[in-house]
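Chemist: After the structure tokens below, expect a handful of questions from me.
The values are calculated or read from the model by the stated rules, or taken from the named source; none is laboratory data. Note that the coordinates shown come from a computational prediction; the quantities given were computed from them, not determined experimentally. With ideal geometry, Cβ positions are generated from the backbone for all residues, glycine too; neighbour counts draw on all protein chains shown. Remember, those area values only see protein heavy atoms, side chains included, never the ligands or the DNA or RNA. Shrake-Rupley method; radii C 1.70, N 1.55, O 1.52, S 1.80 Å.
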Amino acid sequence: MLPRKVLGRNVHRLRRSNGITQERLSELVEIDRRYVQRIESGTANPGVDILARLRKAFRCSWEELLE
């Protein structure tokens, strides 16, 4: 599976398990809600700064986010 697809599944899982909407996640990470949708669908290729903000928003390890 492509790394961005794995990331997308993990972001979706973490967001749902934390009870966060896509809208709220976009506010926490300071990105557009449509970009959150693209990340979750595996079509976006976010940079390290976005990945770090996602990790901070979920309060998770790099492994939880990327593996």
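Chemist: Would you be able to say whether some residue in the stretch 23-31 is touching a Cys at 6+ places or on another chain (Cβ under 8 Å) and assigned to a helix (DSSP H, G or I)? Let's see the steps before the verdict.
Modeler: Initial filter on the stretch 23-31 (touching a Cys at 6+ places or on another chain (Cβ under 8 Å)): none.
Looking through the stretch 23-31, none of the residues is touching a Cys at 6+ places or on another chain (Cβ under 8 Å) and assigned to a helix (DSSP H, G or I).
Chemist: Now for a different question. Take the stretch 19-34 and flag every residue that is within 16 Å of ARG55 (Cβ to Cβ) and open to solvent by less than 80 Å² (accessible area, probe 1.4 Å).
Modeler: Those that are within 16 Å of ARG55 (Cβ to Cβ) and open to solvent by less than 80 Å² (accessible area, probe 1.4 Å): ILE20, LEU25, SER26, LEU28, VAL29, ILE31.
Chemist: Only residues that are in a loop (DSSP other than H, G, I, E, B) and either touching a strand residue (DSSP E or B) at 6+ places or on another chain (Cβ under 6 Å) or open to solvent by less than 80 Å² (accessible area, probe 1.4 Å) (or both): list them for the stretch 44-67, please.
Modeler: ALA44, PRO46, GLY47, CYS60, SER61 - these are the residues of the stretch 44-67 that are in a loop (DSSP other than H, G, I, E, B) and either touching a strand residue (DSSP E or B) at 6+ places or on another chain (Cβ under 6 Å) or open to solvent by less than 80 Å² (accessible area, probe 1.4 Å) (or both).
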